[in-house]
Structure formats: C-alpha cells, structure tokens
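Visitor: Got a structure for you, questions after.
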Amino acid sequence: MQASDSFRSRRPPSPSGARQTLTTGLPAAVPRFPQPRYVEEGTYPPQQMSADEKLAAVRQDHNAMPATFGRPSGAAGLGGRLGGGLGRISSGEWKILIAVLLVACSIRLFRISKPNSVVFDEVHFGKFAGKYIRTRYYVDVHPPLAKLLLTLAAWIGGFTGEFDFKEIGMAYPDSVPYVLMRMVPAVLGVLLVPITYLTLRALDCSASTSLLGSILIIFENGLVTQSRHILLDSPLLFFTGLSVMFWVMFCNEDKRPQHKAPTVHGAKGVVISGPFSRIWWTYLLLTGLSLGAVVSCKWVGLFTIATIGASTIKQLWALLGDLHIPASLWMRHFIARAICLIAVPLLFYMAMFEIHFSILRNSGDGDAFMSSEFQHTLQGKEMHDTYADVAIGSTVTIRHVNTQGGYLHSHPHNYPGGSKQQQITLYPHIDSNNDWLIVPALDPSHSNTTDPMKTLTYLKPGSVVRFRHIKTGKHLHSHDVRPPVSEVDFQQEVSGYGFEGFEGDANDNFIIELDEEGGGDDGGRKGNGRGWGGDRESGRRVRTLRSILKFRHQLTGCYLFSHKVKLPDWAYEQQEVTCNKNAVRMNSLWYIETNENPLLPVDAEKVNYKLPGFFGKFLELQKVMWQTNAGLTSRHAYDSRPHHWPFLRRGINFWVQNHRHIYLIGNPFTWWLSSISVLLYIGVRGLLVLREKRGYKDFHHSAVVKYDQLIGFTVLGWALHYLPFFLMGRQLFLHHYFPALYFSILTFASVFDLVTSTMSPRRRIQVAAVIMALSIWTFAHFSPLAYGNPWTKKHCMSAKWLKTWDFSCYDYHDDYSQYRITTSAPAGEVVHTHAIPASPSAAGVNPAVKPVENLPEPEVLTKAIQKEKLEPGRDVFEAQPIDDLNERLKANLAMTGANAPVDPKEKEKLKELEKSKAEASKNAQKEAEELEGKVGPLLPSELAKVGERVEKKVSSADTKVEEHVEEKPLGKIGEKSEAGSVDPTTVQSVEKKEATDKPE
C-alpha cells in the first residue's frame, strides 16, 4: 500500500459566502470559533485565540443567530433586542423576574406610612425639600439630584414647605405628603432588585445565581430600612447599580465582532452589532448618564466613576497592545469613551446645579457660607451701588475677608470679665449694629483749626482714624487686656469704649494699611496677588469693595483680627474679634462693603460687587461643600469607623417611640457571607499568582480566566467604594458602606456561580434555595428593627448576636399583649434620637433620652436659623441652638410676680446647677456602660441596682436645680444684688435683652 492510501484526502474548503444548506438554502451556521478581533472592514485577521476568547466568541455568535438555528424559544424577544449579553434570558426568566419584583414591592412598601413621624435624617432632607419649595437658599454637603427627586414628590403632593421637620419624632401633619416622599427611595430600592438580576446575567452568571443575588438584595435589612424613609442612600444605590449594569452590557457589546449591514447601491453598510453600533453607543451613553446621576446624589459616586474608569483604562490598554487595531481606530475608541464617560457625567452634574441655583433664588440660611459676591446674586441680598471713595465722616460697614465674611459688629452688652467694656464681635448677617462712623484721630493739642468732619478728606494708606459705633456711640478700642477666649500674650481684647461727653483716648486710634497682595477689580478677597488690577485708585487711597485693608492699633502695633472661635452664650455665640500682634494674614484682612458720606457729590463714582456667573457660583459651592464636609470631625453617639462595617459591628439608632424601635442594621447572614467571599477571592487570587510564579498554568484554563475577570471586577468595585473611607477623618456611619455592600453581594453571587458551576442545575438551585431561606429567616428575625414593629424584650435580647449592637431592648414591652393596651404613649415617653447608646439607665429608669450634641453631617449646615427667625448671634459655625435659660427665668418672674432684672449671680448659679445635673447623668450613664462592658449583659437584679443608683444621682442633681429655680426669688427692682447696686442700664426686661441684635 502506498503512503497516500493510508491517509484520507481532505476536502477543499467551500468558497467564502457560498456555504448554504442544500435543502433549505439558508446560511450555514457560523464558524464555531470566529476571531473576536476585527479591523475596519469587518474581516477576521488570522490570530491565535485563547480558550476564554473562543468561549466568548461562541456565545456572542450564538446570541446573534436566528431562532431557527437553535436559540432558546423566546430568546429573540426582549432580551435579544436589548443585546449587551441579555439574549440568553428566556421568557420564563422574565416571568420569574416579575415575581421577584412583586416580592420586592411587598417588602419595601409594607407599612411605609409608619411611623407617621420624622425619622432620623428626614430632619434634614425633608427640610431641604421645604427650602426648595420656598426657594430659600441653603448649603448642604451633598449634590442636589436626590433631594430634587424628593422635592418633586413633595411638590406633587401639595407640600408648601411650612412644616420644618424640626426634630426626630415630630408627628407629620396632614399637609405633609411624607408617604409620597418616602415612595421615591422605596421605588428606587425596588428597582435595584431587577438591576441586580440583569447585571449578574450580563456577567454570564446562571439564572439561579442571579435569582440568589436578587433575593439577597430584597431581604437585606439595612437596605430595606434605608429605602423606606426620606433619605439619599437609596437613590445613590439605584444609580450605582444602574451604572454597573449599563457598563457590563456595554463591555459585552464591545467584545462582539463588528457586523455591518449589506452594502446597498454602493452605500457603506451600517454597523449593526459590535463596536460603534447603535446599541454600543446607547449603552456607553447610558453609562455616562448614570455616572452623572450617581455623583449628583452623593460624592460617594466618585468611587463608582473610579470603578468604571479603571475598567475603561484596562480596555484601552488591551486595545493598544492589539497590533491588529490601527492607531486611528484606537483613537476612535478613546474619544468615544472620553466623551461618554467624562464629558457626559460632568455636564449632567453641572446641569443639576444649574437647576439648584435656578430654584434657590432667594436669600436663606445658607447665605453666610458663601462669598459676598455670591450672596448678592440672591434676591433679598441685592446691594445698591455705593460710593467708591471713603473719607472722614463716612458711615461704613466693614467685612472680614476670611471666615465667611462676617461684619464687624457691636451691641449694648459688656464682657463679663476683662475690661467689662462693650463687646465687639463678628456677625454674619446684615444688621444696623454693623454701622460705623469714621472719625479723625484724637487730637489732644487741638492743633487742627478746621473741623475735619466738614471737609472732604479721603482715606489713604497711613491715615489714622477712629471708628465710632453708630447705635451706641462707643469707639472701637483695644488695650493690654487679654481677650475673653483667646487668652494668649500676643492677643488683646477689642472693646467698645466711651460715654457721653468723653472724646476717648489714644487706644481708639487705628492706622489704615493697604494689603500688598489684595485689591483690584475682584476685591482681592482671595489673596490672588494680582495687585491692584484695573482699579489703579485702590492702590492710592481706600476704595469701597476694591481695597483690602489692615487696621493696626497705633499704640500697641497689633492688628484687628478675627478667627473661627465663638464666644460663649453671653455674647450670643458670635465670633471673637481680637487685636493680634502675630496675626495670620488672611484673618487680619478687611474691606469696606458699604459707604455713605454726605460730603461726597451726588455724581461721585459708585461701585458694586462684580456678580459671578454660573461657573463662578458652581466652583465656589464645590469648594464650600468640600470644606464643610471635611470639617465634620466631631464624634457622634452612633458613628463608626470603616473597620467595623464589613462584619456589621455596629448600627445606627433611627427612631424610638411608643415602645417601638427603628435601628439600622444589616442582615448579618448576608453581610458576613459577602465579606467572607471578598476575602476568599483575595486569598485565592494571591495563591494563583504564587502558583503562576512556580510555573503552574492556572490562567490558561478558560473557567479560571472567566471567573477571575468577573469576580475581580466586583471586588475592585468593593475596594474602591470601601478603602477610601480609611483616609477620611470626618464623621462616618454604617450607611456609608452600602455601595461597597452592593458590590460584595455581587461578589458572593459570582463566587457561588463558580463553586456550583460543576453541579447539575437541580443541585445548584437546591443550594441556592438553602442560602435564600437562611437569608429570609435572618431578615424576619431582625425585621422589627426595620419596620418599627412590636417586639418583646426577650426576643430583642435573643437577637443581640454581638455585644456591640447597641439597640435598646428595654424600650420594648415584656409581652405582645401590652401593645394592644398601649396604643399611644404620653408626650413624656417619646424618645428622640440621635440618642445616647442604649443602657439600663436610658431605657429602664429614665425613658426620655436626650438628643446628642453632634448630629450627622448635614446638621452642621441646616441648624443655622432662618433669617426671619434669627436669634442674636446665631452664626453659621454652630450646629446646636443656644441653651438659653431666659425662658426659665421669665417663668420664675411670672410666678413670683416680680418684674425685676435678672441677677447675674443667680443666672450663673443656675447654670452651674444645670451643669452638675448633666455631669451626674453622664457619670451614671458611664458607670452603667462600664459595668456592662466588664461583666457582659446584666441580670435583671443587677440591672435594677444600677438603675437605682443612676436614678438617685440624676434625681439629686435635678432636685437642686428645681429648688433653685422655683423657690429662690430673683429680687425686685431697686434691690441690691450680691454684686452691689443695680446698674440702671441693665434694668430692662428679659425680652428686650435679645431684641437688640435682631436683623433688619
């Protein structure tokens, strides 16, 4: 036999394009392993493919095949038209997805109207909706999109903004559509469920894996709690999930070979699949819009942008290394991604702030955060043109360049210590007590024969002047006396000094200096070093709004100075003003805002602020948001650090009332499994890297490559949404982990898909069913904390799996039957939060837990009192209202029939007693917590003993306060107090005491 007879001769290949079946005439099946890379003409270059590329190519072409070639029934329906890897979803899966969606609705919307009172941060975000509706400007650390969605729901529901959401536990009146407002985050929370399912299917996970991931999202207690209230995290998570889903679909479409429609009459065919097809552009653009939306809800969305950005860089890097991709085609890929993933999100983000500015067109309590130029763009803050040249005899208002530009201010109240002269402060609001008259320096020799007040004498560098307070007639004064708060050697007290018939002394004299780096057309208030700009006169003499000034004390050489230090309540917590010999430059700069002088001619030059446009306002607000966010460093009773989050070490107390409790805590089963899956991937990935170094070929296995890319993407998202929080020193709470939690749940589902990939479909669904059942049971076990449902102390104590979980079991009844008896609680039993962590003293003895001092992030902004309700001295640097004892004292006067001034000694004594009461309560609380921390949960007998000691200490201090307030008379008019004779200037009603500083 010849050699040729032992081999079978090969049939020559069929001509290209001629492969048709003889019986049907239809095109033959596409090649099993088509090359995934393409060139512009759509041909397949000869290159070697890896196993995972071949597997992906088969699936892509299988999706592109018509139904007659074996695609599942129904696959050519909605999933096939959507593309992006969803072509494998059958009609049966869509029915299952609808059923899952209905379950999600029932979980998220169950009793959503309960409680019918303010819960947790509804205090802030409900209030912001009212400000939008009333068009009052405010400042918050979060971008506006989620708040605008809540406002839209409130506006549709007829909300007028009158309800102020003042405190947690405040009942909603019928005029507040709070249910409709809660529906916004609830519906977005429901929609996150199908997004999770479709994302996992697009990631090439099985249907059972996708169903498992969706169920874990539905029955996650923390997500349920957060999505049922007027909060921002549910919109944030919705847009995060939407961004990831669209990006995964885009990546699937990008991997498909490029196909074009047949050429017709010489016209170039349109790309119908693969890169640069219509569906490819659609998913890329939708990804960009979703990224813009997520960062417009919270800045945490920047971490989502970073996740997509890292994936994009990897794609472009791979394309750059593909020698079959021409440079021009690579540049098209780069430009397409830059436009859709950078420009589109940025434009969307800016558009949200354009809407924000257009709605908030009126002055509000956020004005003081902004620059003077910004403030004067708001209605109600407009300023008329004012004279440019400043001269002797001018009535001026003087503003600080730094610290939000407060006004130099005085009022008829004296320092309690030091010189006991009239107070000088910095005040952030327009007020007649901000007006000062510029008068010439004191001339003891009377050498000046002309009256300088009757001749026009312009102020120049080196001019020596005095500033007389218009309302009180006192002169701005400094001397070698330590200031009330900043008691250091290089700082001096600044006061108002003088009386009728007294001209003053040399300590009233200040020398005017021009700052070398300030001035110019922009006012130089940013210290930009542009010199005097286009206003040359501002370098020669003092000009309103243009010259940046320093006021140096003539005798001591110190500079008029202010900083972010508040005076105590005796100065209405206004900002301290001192005279500093070692002054920081920016804190010693001032400028004149308004200027009136009767000697100036009517046609004299006038100036006004140069109002910023949209970009100027936008950039300034971003800076204010960043600075305010970074400044939220005070501790909170329920804050936590990032290392607590993955294993759910602590939650947040949302609401306690009528023996019911809402406490933000996740589903422990879901949290712990998802965190373990992340750690498992990191460990296995490290092991595979080590094995590769030893020559093992694990990464040549297509399944390893597939799941490494899949799980690696979700773990990257988890890391980028979690690890940056370790760099932050600000207040952090459990809900900051929710975006990372979403990625960890996707990671667990992907790990499950890997582990069960070799199982039969029946066995895989059985394992998934067990996990789902455990998740549902855990959800039900902790559901009373999510819904505020009745619970018993016994069940609550059994649910404390970790001793760090500080929800209070003592707020609950002993038996469910007691809930049928107690349908409502007296006002005294309402417990508002943010509250002190649960302890026997808080729950078993003293039912009224007081709010803590440091509220979550937006509170620093929103506690600023509205202008029309402003108290004296309420500035923007304080988050809490003044602890004012005047009401208590007035009630005492009314009971005793006395119409007398408040004795300062008595007021100080009362304050000391109040302080001792608070200290006693704090020490007792600490004692109980330390005892419980040492010995674990206390027995009922031990608990009763601790409660008795706490009650005895608090009651003792409380009794002293009550005895002092109710029994000790405060004196009559004309009687001498312990300090001596009554000063006639202080004989005034308590009501008039606070009226002197109210804004006009």
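The values are calculated or read from the model by the stated rules, or taken from the named source; none is laboratory data. Predicted model, so just to flag it, every value in this text is computed and none were measured. Glycine also receives a Cβ, built like all others from the backbone with ideal geometry; neighbour counts cover every protein chain displayed. We work out accessible area using only protein heavy atoms, side chains counted, and drop any ligands, DNA or RNA first. Shrake-Rupley method; radii C 1.70, N 1.55, O 1.52, S 1.80 Å.
Visitor: Would you point out the residue of region 271-294, among those that are of a type outside the set (A, V, I, L, M) and farther than 20 Å from Phe238 by Cβ, that is surrounded by the most Cβ atoms within 10 Å (Cβ to Cβ)?
Guide: Trp280
Visitor: Check off (1) more than 26 Å from Leu599 (Cβ to Cβ); (2) open to solvent by less than 20 Å² (accessible area, probe 1.4 Å) for Asn433 and give me the number that stays unchecked.
Guide: Going through the list (1) more than 26 Å from Leu599 (Cβ to Cβ); (2) open to solvent by less than 20 Å² (accessible area, probe 1.4 Å), Asn433 breaks only (1).
Visitor: Looking at (1) of a type outside the set (A, V, I, L, M); (2) in contact (Cβ under 8 Å) with a residue 12 or more places away in the chain; (3) open to solvent by 20 Å² or more (accessible area, probe 1.4 Å), which is the only condition Arg337 fails?
Guide: Every condition holds for Arg337 apart from (3).
Visitor: Now a separate question. State which residue pairs qualify: first residue open to solvent by 20 Å² or more (accessible area, probe 1.4 Å) and inside region 295-315, second residue of a type in the set (A, V, I, L, M, F, W, C) and in a helix (DSSP H, G or I) in any location, beta carbons under 6 Å apart, and separation of 6 or more residues or different chains.
Guide: Cβ pairs passing all conditions: Leu302/Val295; Phe303/Leu720; Ile305/Leu291; Ala306/Leu720.
Visitor: To continue, here is another question. Given Leu545, Leu560, Leu555, which one is modelled with pLDDT under 95, within 19 Å of Leu437 (Cα to Cα) and not in a helix (DSSP H, G or I)?
Guide: Leu545
Visitor: Next up: Could you list all residues from region 231-247 that are over 14 Å from the mean Cα position of the chain (by Cα) and either within 28 Å of Gly788 (Cα to Cα) or open to solvent by less than 10 Å² (accessible area, probe 1.4 Å) (or both)?
Guide: The answer is Leu237, Phe238, Phe239, Thr240, Gly241, Ser243, Val244, Trp247.
Visitor: Does region 459-498 hold any residues that are surrounded by 17 or more Cβ atoms within 10 Å (Cβ to Cβ), closer than 22 Å to Val390 by Cα and not β-branched (Val, Ile, Thr), and which are they?
Guide: Within region 459-498, Leu459, Ser463, Arg466, Phe467, Arg468, His469, Lys474, His475, Leu476, His477 meet the criteria.
Visitor: Select from region 499-519 the residues that are assigned to a loop (DSSP other than H, G, I, E, B) and open to solvent by 40 Å² or more (accessible area, probe 1.4 Å) and write down the one among them that is nearest to Leu567 (Cα to Cα).
Guide: Phe499
Visitor: Just to check your reading of the model, which residue among Phe713, Phe725 is open to solvent by less than 50 Å² (accessible area, probe 1.4 Å) and touching a helix residue (DSSP H, G or I) at 6+ places or on another chain (Cβ under 6 Å)?
Guide: Sole residue among the options that is open to solvent by less than 50 Å² (accessible area, probe 1.4 Å) and touching a helix residue (DSSP H, G or I) at 6+ places or on another chain (Cβ under 6 Å): Phe725.
Visitor: A further question follows. May I ask you to list the residues in region 602-649 that are basic (Lys, Arg) and either at positive phi or surrounded by 20 or more Cβ atoms within 10 Å (Cβ to Cβ) (or both)?
Guide: Of everything in region 602-649, just one residue is basic (Lys, Arg) and either at positive phi or surrounded by 20 or more Cβ atoms within 10 Å (Cβ to Cβ) (or both), namely Lys617.
Visitor: With closer than 21 Å to Leu549 by Cβ and hydroxyl-bearing (Ser, Thr, Tyr) as the only criterion, which of Tyr415, Tyr458 stands out?
Guide: Testing whether each residue is closer than 21 Å to Leu549 by Cβ and hydroxyl-bearing (Ser, Thr, Tyr) leaves just Tyr458.
Visitor: Look at Thr287 and say whether it is among the β-branched types (Val, Ile, Thr), more than 26 Å from Leu619 (Cα to Cα) and modelled with pLDDT of 95 or more.
Guide: Judged against the criteria, Thr287 is not a match.
Visitor: Criterion first (under 39 Å from the mean Cα position of the chain (by Cα) and either in a strand (DSSP E or B) or closer than 19 Å to Ser588 by Cβ (or both)) does Val396 satisfy it?
Guide: Yes; evaluated as a whole, the condition is true for this residue.
Visitor: Among the residues of region 205-230, count how many are touching a helix residue (DSSP H, G or I) at 6+ places or on another chain (Cβ under 6 Å), open to solvent by 10 Å² or more (accessible area, probe 1.4 Å) and in a helix (DSSP H, G or I).
Guide: Number of matching residues: 3.
Visitor: Also, I was wondering about something else. If only one of Tyr681, Tyr663 is of a type in the set (Ser, Thr, Tyr) and over 27 Å from Ser234 (Cα atoms), which one is it?
Guide: None of the others qualify; the one that does is Tyr681.
Visitor: Right, something else. Return yes or no: is Arg691 among the charged types (D, E, K, R) and either closer than 23 Å to Thr778 by Cβ or in contact with a Lys or Arg (Cβ under 7 Å, 6 or more places away or on another chain) (or both)?
Guide: No, not satisfied.
Visitor: Something else now. Say we look at region 566-589 and pick out the residues that are out of contact with any Pro (no Cβ under 9 Å at 6 or more places or on another chain) and hydrophobic (A, V, I, L, M, F, W, C); which of these is least open to solvent (accessible area, probe 1.4 Å)?
Guide: Selected residue: Leu589.
Visitor: Just give me the residues in region 361-390 being over 14 Å from Glu620 (Cβ atoms), open to solvent by less than 20 Å² (accessible area, probe 1.4 Å) and of a type outside the set (D, E, K, R), in sequence order.
Guide: Correct list: Ser363, Gly364, Thr386, Ala388, Val390.
So that you can scan it fast, the table gives a plain yes or no per residue for (1) in a helix (DSSP H, G or I); (2) farther than 30 Å from Asp121 by Cβ; (3) not β-branched (Val, Ile, Thr):
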{"site": "Trp718", "(1), (2), (3)": "yes, no, yes"}
{"site": "Arg730", "(1), (2), (3)": "no, no, yes"}
{"site": "His736", "(1), (2), (3)": "yes, no, yes"}
{"site": "Pro739", "(1), (2), (3)": "yes, no, yes"}
{"site": "Arg764", "(1), (2), (3)": "yes, yes, yes"}
{"site": "Ala773", "(1), (2), (3)": "yes, yes, yes"}
{"site": "Phe779", "(1), (2), (3)": "yes, no, yes"}
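Visitor: Select, from Pro416, Pro412, the only residue that is open to solvent by 10 Å² or more (accessible area, probe 1.4 Å), part of a loop (DSSP other than H, G, I, E, B) and touching a residue at least 40 places away in the same chain (Cβ under 8 Å).
Guide: Pro416
Visitor: Go through region 736-755 and count every residue that is closer than 16 Å to Ile665 by Cβ and open to solvent by 10 Å² or more (accessible area, probe 1.4 Å).
Guide: So the count comes out to 1.
Visitor: Return the residues of region 683-698 that are surrounded by 13 or more Cβ atoms within 10 Å (Cβ to Cβ), out of contact with any Gly (no Cβ under 9 Å at 6 or more places or on another chain) and modelled with pLDDT of 90 or more; say none if nothing qualifies.
Guide: If the condition is that a residue be surrounded by 13 or more Cβ atoms within 10 Å (Cβ to Cβ), out of contact with any Gly (no Cβ under 9 Å at 6 or more places or on another chain) and modelled with pLDDT of 90 or more, then Val684, Leu688, Arg691, Glu692 are the ones that fit.
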